[in-house]
1. Go through segment 325-339 and give me each residue that's in contact with a strand residue (DSSP E or B) (Cβ under 8 Å, 6 or more places away or on another chain) and within 15 Å of residue 352 (Cβ to Cβ).
2. Can you tell me which residue within segment 165-198, out of those that are closer than 20 Å to residue 97 by Cβ and within 25 Å of the chain's Cα centre (by Cα), is surrounded by the fewest Cβ atoms within 10 Å (Cβ to Cβ)?
3. Given the condition surrounded by fewer than 21 Cβ atoms within 10 Å (Cβ to Cβ), touching a helix residue (DSSP H, G or I) at 6+ places or on another chain (Cβ under 9 Å), modelled with pLDDT of 90 or more and under 24 Å from residue 389 (Cα atoms), answer yes or no: does some residue in segment 477-487 qualify?
4. Give the residues of segment 494-510 that are closer than 15 Å to residue 315 by Cβ and in a helix (DSSP H, G or I), sorted by residue number.
5. Select from segment 467-476 the residues that are surrounded by 13 or more Cβ atoms within 10 Å (Cβ to Cβ) and touching a helix residue (DSSP H, G or I) at 6+ places or on another chain (Cβ under 7 Å) and list them in ascending order.
6. Would you call residue 60 farther than 24 Å from residue 190 by Cβ, part of a helix (DSSP H, G or I), touching a helix residue (DSSP H, G or I) at 6+ places or on another chain (Cβ under 9 Å) and not assigned by TED's automatic domain parsing to the domain that holds residue 232?
7. Since residue 367 meets every condition but one in (1) closer than 19 Å to residue 411 by Cα; (2) touching a helix residue (DSSP H, G or I) at 6+ places or on another chain (Cβ under 7 Å); (3) surrounded by fewer than 22 Cβ atoms within 10 Å (Cβ to Cβ), which condition does it not meet?
8. Among the strands (runs of 3 or more DSSP E) confined wholly to segment 70-162, which include 3 or more residues that are surrounded by 14 or more Cβ atoms within 10 Å (Cβ to Cβ) and not assigned by TED's automatic domain parsing to the domain that holds residue 278?
């Protein structure tokens with residue numbers, strides 16, 4: 001018994017953030033000394049098992065499941081994390097699970113340079129290999145050779161089931177990623193946007209997954225913009241390093257920072273791994289380091305959130321101005337607007353004003369069924385999306401037929417058109433005439449009035465007034481935006497969040513904004529049943 005007692009007294013527990021040390025005295029009092037030693041030894045065995053085989057015995061924080069669900073539902077996931085948030089650990093383990101669970105799986109891992117791949121990615125991938133695979137004998141198929149200094153031999157390894165992992169880096173020519181077919185691609189840190197655009201096609205054939213992980217130290221980069229622009233925040237978490245009473249991200253609860261979001265591109269999602277969620281990292285040290293730093297740096301370092309410092313022209317627009325389409329009131333006065341284009345699709349919006357004076361944009365064309373109107377790029381206002389050309393080139397009769405089909409039996413009080421394009425002379429059946437006159441001609445006449453030709457700034461000011469409410473107070477019937485956008489109008493939503501005006505007339509996000517501006521300067525109001533359309537008061 002003395003030996004047992006001596007063993008207990010000499011016991012030095014291994015510290016662990018999850019497998020907590022029980023109260024030894026209480027343990028002895030309840031179970032006796034021998035049983036207490038057995039329980040403590042089981043704890044030590046569990047900790048050792050995690051160290052020797054993290055693939056099978058490693059602890060997974062609860063927030064990993066949120067990222068797993070996004071990866072299950074979507075083709076792509078961007079995991080933005082604060083420093084030491086555990087995003088690399090999550091990605092590495094999921095990569096190995098893919099290789100182990102699927103025969104002949106092909107996975108790619110990409111990092112900034114060859115050396116950074118060895119130091120920051122290959123070592124974590126090796127960590128999660130099951131122990132028996134680390135020492136697997138080399139055969140005609142199997143080839144797993146790793147050293148801490150050089151990483152995996154030839155930047156690849158192959159498991160007995162034929163699954164292969166290949167390591168590449170962004171310092172290589174982009175040709176290395178052309179033509180492959182993958183089940184999973186993991187890009188870690190500072191991947192260029194043009195690489196992302198190419199890699200998306202590498203996972204299509206095998207219905208694979210694209211995983212992007214990094215801390216946005218460089219701020220609102222093009223890759224961040226590509227995913228975050230136009231996203232809809234779905235979950236948030238309390239941010240203890242930020243003021244609890246303030247709204248730190250538009251559309252997110254006060255005192256919170258984003259946790260998950262659905263992207264503008266339907267097959268993509270985002271997860272933010274807050275540093276505090278990683279129990280293996282000392283968050284108290286992070287708090288000391290960030291003490292006295294500005295909110296911009298705290299958001300990046302502790303919550304993985306980079307703000308758009310260039311800024312949209314509509315800073316008050318956010319999730320509080322976006323409503324589920326089934327919440328759009330059925331009653332109201334309807335207006336529509338078109339922004340004609342030559343070889344591109346015309347952009348169109350439909351707006352409804354209720355008797356309470358609330359304004360709802362309830363339809364757009366093209367919508368996401370034709371693709372994205374604009375995409376992120378190195379230009380401030382993005383680049384042209386597929387929706388600008390998808391099905392473009394319709395004649396006026398086709399355009400009117402499309403409008404009629406979308407509207408069904410809806411009554412439209414007024415239709416507006418870009419005043420410059422609407423007045424442009426075109427060749428009709430009986431000679432030169434304006435585009436507005438051509439639309440009002442034929443078997444199905446459709447009258448469009450020119451929107452007021454006022455300065456862009458005036459329309460932007462009106463829209464901002466419609467979005468305005470007191471952010472320091474809770475939302476309520478007396479403190480809310482006046483303008484709401486249907487969640488089906490994803491192209492307009494994206495452009496409202498991203499349009500800066502810096503690219504001028506050639507901005508890819510400009511047309512949807514122009515349509516909303518034309519509607520705003522015409523002061524749409526609710527009209528009673530005795531209303532008779534009289535046209536645009538600005539032209540008389």
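1. Start the filter on segment 325-339 by keeping residues that are in contact with a strand residue (DSSP E or B) (Cβ under 8 Å, 6 or more places away or on another chain), which leaves 325, 328-329, 332-339.
Those that are in contact with a strand residue (DSSP E or B) (Cβ under 8 Å, 6 or more places away or on another chain) and within 15 Å of residue 352 (Cβ to Cβ): 325, 328, 329, 332, 333, 334, 335, 336, 337.
2. Of everything passing the filter in segment 165-198, 181 is surrounded by the fewest Cβ atoms within 10 Å (Cβ to Cβ).
3. Within segment 477-487 (the criterion being surrounded by fewer than 21 Cβ atoms within 10 Å (Cβ to Cβ), touching a helix residue (DSSP H, G or I) at 6+ places or on another chain (Cβ under 9 Å), modelled with pLDDT of 90 or more and under 24 Å from residue 389 (Cα atoms)), the answer is yes, since at least one residue qualifies.
4. Filtering segment 494-510 down to residues closer than 15 Å to residue 315 by Cβ leaves 495-501.
Residues satisfying the conditions are 495, 496, 497, 498.
5. 467
6. Here the answer is no, as residue 60 does not meet what is asked.
7. (1)
8. Counting at least 3 such residues, we get 106-111, 156-158.
The values are calculated or read from the model by the stated rules, or taken from the named source; none is laboratory data. Fair warning: this is a prediction, and the values are worked out from it, not measured in the lab. Glycine gets a Cβ as well: all are built from the backbone with ideal geometry, and neighbour counts include every protein chain shown.
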